[in-house]
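The values are calculated or read from the model by the stated rules, or taken from the named source; none is laboratory data. This one's a predicted model, so the numbers in the text were calculated from it and none came from an experiment. Here the Cβ positions follow ideal geometry from the backbone for every residue, glycine too, while neighbour counts run over all protein chains shown.
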Amino acid sequence: MNSDVKSFFQIKINSKTSYLILMKIILSLLALCILFTNCSQQLPVTHTVDFETEKAAIQAVIAKETESYYKQDYDAWKSTYLQSSAFRKFGYWEGYPEKVTSNIGFESLAAEKKKQFDANETLWRGSTEERSNENFRISNEMAWYTFEQNSYEKDTRKFLGKSLETRILEKENGEWKIAFLGFHYYPMEEENK
């Protein structure tokens, strides 16, 4: 090969190599920019949760909901819920004719309970509840609370039922509100005769 041909190929190779190196640098810088942009957009500012304070506030809301329900105090009962179309309730109790009940959106539950309270048809009025096996998952704006609940007649301590309960709560204006209510009552054992 003559020297002119050799130098032509060497220039082409060096130009191609330089181009590839330049493209790698540009793509690497672009990838870093995208990475840093996505990281800064996806990392929300979080605040430390005072677990014991929030746990006590959640337990107070659940107690208020239960007490106001049995007292048929509609306004107090309603104040414990997220009054939104996002609200859900799903439950099972063998005492229901349909066994399974549900409400999609708070308005349907509110209308049902208003009618029930006005007609004085709340079951187990004056009962007491004992909660055990409590589990809390709490973040700044949402909480998940599960527990077992035994219900008794207040005066006689007659056992009324045991249920598995789930509550998902959201903070609204700094207060916990029930956004999801789930319950499943265990079938009652028949008394020995």
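Tabulated values for the structure
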quantity: Region 182-193, residues that are surrounded by fewer than 15 Cβ atoms within 10 Å (Cβ to Cβ) and not in a loop (DSSP other than H, G, I, E, B); calculated: HIS184
quantity: Among (1) over 20 Å from TYR81 (Cα atoms); (2) in contact with a Leu (Cβ under 9 Å, 6 or more places away or on another chain) - the single one GLY126 does not satisfy; calculated: (2)
quantity: Residue satisfying all of: in region 146-172; within 21 Å of SER79 (Cβ to Cβ), in contact with a Leu (Cβ under 7 Å, 6 or more places away or on another chain) and of a type outside the set (Lys, Arg); surrounded by the most Cβ atoms within 10 Å (Cβ to Cβ) among these; calculated: GLU170
quantity: Qualifying position, being among the small types (Gly, Ala, Ser) and surrounded by fewer than 18 Cβ atoms within 10 Å (Cβ to Cβ), among ALA86, ALA143, ALA179; calculated: ALA86
quantity: Odd one out for GLN149 among (1) part of a loop (DSSP other than H, G, I, E, B); (2) under 29 Å from VAL49 (Cα atoms); calculated: (1)
quantity: Subset of region 70-94 [in a strand (DSSP E or B) and farther than 16 Å from ILE178 by Cβ]; calculated: TYR92
quantity: Looking only at region 95-139, and only at residues there that are touching a helix residue (DSSP H, G or I) at 6+ places or on another chain (Cβ under 7 Å), assigned to a strand (DSSP E or B) and modelled with pLDDT of 95 or more, the one that is surrounded by the most Cβ atoms within 10 Å (Cβ to Cβ); calculated: ILE138
quantity: Residue under evaluation GLY91, criteria (1) more than 19 Å from VAL61 (Cα to Cα); (2) in contact (Cβ under 8 Å) with a residue 24 or more places away in the chain; (3) surrounded by 13 or more Cβ atoms within 10 Å (Cβ to Cβ); (4) more than 23 Å from the chain's Cα centre (by Cα), criterion not met; calculated: (4)
